[in-house]
1. Of all residues in segment 1-50, which are surrounded by fewer than 16 Cβ atoms within 10 Å (Cβ to Cβ), over 14 Å from LYS202 (Cβ atoms) and β-branched (Val, Ile, Thr)?
2. Got a number for residues in segment 165-189 being free of Cβ contacts under 8 Å to residues at least 60 places away in the same chain and assigned to a helix (DSSP H, G or I)?
3. State yes or no: is PRO104 farther than 17 Å from GLU188 by Cβ and surrounded by 15 or more Cβ atoms within 10 Å (Cβ to Cβ)?
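Derivation of every value follows stated rules applied to the coordinates shown; laboratory data play no part. Everything quoted here is computed from the prediction, not taken from an experiment. Glycine also receives a Cβ, built like all others from the backbone with ideal geometry; neighbour counts cover every protein chain displayed.
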Amino acid sequence: MMTLYDYMVSGNGYKVRLVLAHLGLTYKLVECDILKGETRTPEFLARNPNGRIPTLQLEDGTFLFESDAIIWYLADGTPLVSKDRLARAQTLQWMFFEQYSHEPNIAVARFWKHYLPKLSPLQEMRLPEIMKSGYSALDVMEKHLAVTPFFVAGKYGLADIALYAYTHVADEGGFDLAAYPKINAWLERVASQPGHVPIDYKN
Ligand SMILES: N[C@@H](CCC(=O)N[C@@H](CS)C(=O)NCC(=O)O)C(=O)O
């Protein structure tokens with residue numbers, strides 16, 4: 001059986017749990033408290049040298065890390081990933097966008113504001129820029145969703161899952177989604193997919 005090392009409020013971890021739920025795959029869940037440094041112990045670093053969840057141990061013992069790589073591994077060959085060459089590249093396009101322009105701003109603002117007791121002076125200084133960049137990412141999404149119901153080829157798939165994870169909790173980072181009607185409608189469409197589970201879902 002696969003083992004998922006995860007932290008329940010993590011959006012990156014949620015992507016993996018959501019894909020596992022959609023695919024009906026069973027797995028063992030090992031919760032790691034990132035606030036207590038449980039992903040930075042020698043034991044954990046032997047699983048993922050980058051010291052982060054989500055990390056998935058496959059049935060043959062191999063450890064796989066980086067949420068978007070894990071969900072690609074799990075879902076490739078299923079209806080969540082297109083067989084079409086261009087649609088596959090477009091899925092990666094939105095997943096790289098998520099990891100470079102979206103998650104580093106929206107997830108980081110959420111973590112700092114919602115989960116840390118107090119911001120450091122450096123974090124206070126960086127916050128306005130992070131908020132601005134987070135809103136820019138939301139603007140890009142809103143524009144794209146004005147012409148399509150889902151991110152790639154008009155069909156629910158991994159790009160939606162990757163972007164849903166932190167967009168649906170962006171308010172916890174202080175992002176106001178009221179001015180984003182297309183994003184709000186898309187959030188509802190994603191949440192109404194068969195097999196959808198909430199962020200704190202445990203197998
Ligand atoms: N790019 C990585 C980011 C993973 C990540 O940032 N994980 C955070 C929780 S969301 C973590 O484990 N932090 C603990 C630490 O850095 O010690 C992914 O998509 O999986």
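1. The answer is THR41, and nothing else.
2. 10
3. Yes.
Matching residues to (1) buried (at least 21 other Cβ atoms within 10 Å of the Cβ); (2) more than 18 Å from the chain's Cα centre (by Cα):
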{"position": "GLY134", "(1), (2)": "yes, no"}
{"position": "VAL147", "(1), (2)": "no, yes"}
{"position": "ALA179", "(1), (2)": "no, yes"}
{"position": "GLY195", "(1), (2)": "no, no"}
